[in-house]
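Quick notes on the structure that follows.
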Amino acid sequence: MHQFKVDLHIHSVFSPCGDLEMSPSNIVKLARQNGLDVIAVTDHNTTRQCAKVIEIAEKQGGLLVLPGAEACSSEEVHCLCIFPDLEILDSFQTFLDRHLPVIPNRDDLFGYQVLVDENDLISETEERYLGVALDVSIDELEQKVHELGGLFIPAHVDRPRNSLFSQLGFLPNGLTIDALQISKYADEQAVREQFFVPGEITLVRFSDAHYPDDLGSTYTWFEMDKPSFSEIKKALTRQDGRLTRLDSL
């Protein structure tokens with residue numbers, strides 16, 4: 001087995017709260033500079049910037065980029081939804097488009113929502129505000145992600161807003177999760193004790209980067225054979241000797 005540095009929660013400029021410097025080319029450059037082996041692009045309620053980041057990374061080599069989104073359920077729980085390839089991603093984008101309420105974005109209030117090309121030039125603007133809750137429950141969202149073969153990881157579960165425990169207060173018995181993400185300074189054992197998280201559930205830390213300085217600041221070590229979606233999945237569920245490890249605070 002080998003150790004790989006993984007960050008599966010990164011926002012591009014397409015997220016309304018994402019910095020304008022979080023272009024596809026800068027994301028790849030910063031990930032490589034910070035020694036990351038695997039990243040995921042997870043903008044709010046959209047997957048549409050993923051393809052360009054993947055294209056740039058594949059040209060340069062040495063970095064696996066997984067496509068995904070940070071989707072917000074009707075209960076206002078933020079969830080990382082990560083997929084193996086762009087073909088599957090199209091189906092999930094259709095699902096997001098169908099369930100995203102049509103609320104016009106206001107750049108002055110919420111921030112810009114722009115698609116950016118490999119030359120850091122704006123190619124398109126999203127007119128609908130992406131920071132709202134979808135009109136589907138967390139159960140429906142989880143079922144769709146797993147139906148498409150993706151990973152479902154409730155985000156920053158220790159935070160006092162937009163987290164699984166802040167919004168629901170507990171981990172529902174029928175919800176199938178692949179892991180739980182804790183925030184940058186959260187202690188794994190403290191989170192387990194506070195929210196009664198059993199030992200068989202994997203906890204991970206990712207950066208939730210919205211700004212260049214955040215990218216690479218927080219990550220999880222994955223012990224696996226190679227950087228791939230299937231190996232990531234095995235590590236999260238501790239199959240065949242694969243596992244994850246958090247550095248001590």
Revision key, fill the gap. The condition from (1) under 22 Å from Asp43 (Cα atoms); (2) buried (at least 17 other Cβ atoms within 10 Å of the Cβ); (3) of a type outside the set (Phe, Trp, Tyr) that Glu231 misses is numbered (1)
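Residues checked against (1) without any contact (Cβ under 8 Å) to a residue 60 or more places away in the chain; (2) closer than 27 Å to Glu58 by Cα; (3) of a type in the set (A, V, I, L, M):
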residue: Asp158; (1), (2), (3): yes, no, no
residue: Gln167; (1), (2), (3): no, no, no
residue: Pro172; (1), (2), (3): yes, no, no
residue: Leu175; (1), (2), (3): yes, no, yes
residue: Tyr185; (1), (2), (3): no, no, no
residue: Gln194; (1), (2), (3): yes, no, no
residue: Val197; (1), (2), (3): yes, no, yes
residue: Glu200; (1), (2), (3): yes, no, no
residue: Phe222; (1), (2), (3): no, yes, no
Point to revise | Condition broken by Asp19, with the remaining ones in (1) surrounded by fewer than 22 Cβ atoms within 10 Å (Cβ to Cβ); (2) at pLDDT 95 or above satisfied | key: (2)
Practice item. Identify the residue in segment 92-136 that is surrounded by 13 or more Cβ atoms within 10 Å (Cβ to Cβ) and among the hydroxyl-bearing types (Ser, Thr, Tyr) and, among all such residues, is modelled with the lowest pLDDT. Key: Tyr112
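Of the residues Lys226, Lys233, which is basic (Lys, Arg) and in a loop (DSSP other than H, G, I, E, B)?
Working: Lys233 fails: in a loop (DSSP other than H, G, I, E, B).
Every option except Lys226 fails the conditions.
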Review point. Restricting attention to segment 143-160, which residues are surrounded by fewer than 18 Cβ atoms within 10 Å (Cβ to Cβ) and under 17 Å from His11 (Cβ atoms)?
Key: Arg159
Exercise for review: Identify all residues within segment 164-199 that are loosely packed, with under 12 Cβ neighbours inside 10 Å, out of contact with any Asp or Glu (no Cβ under 9 Å at 6 or more places or on another chain) and farther than 23 Å from Asp247 by Cβ; write none if there are none.
Suggested key: Gly169, Phe170, Asn173, Phe196
Review point. Within segment 100-199, which strands (runs of 3 or more DSSP E) (wholly inside it) include 3 or more residues that are of a type outside the set (A, V, I, L, M, F, W, C)?
Key: 122-125
Check your understanding: Of Ile88, Ile54, which residue is among the hydrophobic types (A, V, I, L, M, F, W, C), under 30 Å from Asp240 (Cα atoms), free of Cβ contacts under 8 Å to residues at least 40 places away in the same chain and in a helix (DSSP H, G or I)?
Key -> Ile54
Revision key, fill the gap. Taking segment 25-49 and keeping only residues that are in a loop (DSSP other than H, G, I, E, B) and either under 16 Å from Pro227 (Cα atoms) or not charged (D, E, K, R) (or both), one is left with Asn34, Gly35, Leu36, Asp37, Asn45, Thr46, Thr47, Gln49
Exercise for review: Could you list all residues from segment 198-232 that are under 15 Å from Met1 (Cβ atoms) and among the basic types (Lys, Arg)?
Suggested key: Lys226
Revision key, fill the gap. Those residues of segment 3-38 that are of a type in the set (Lys, Arg) and at positive phi come to a total of 0
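The values are calculated or read from the model by the stated rules, or taken from the named source; none is laboratory data. Quantities reported herein were computed from a predicted structural model and do not represent experimental measurements. Positions of Cβ are generated from backbone atoms using ideal geometry, with glycine treated the same way; all protein chains shown enter the neighbour counts.
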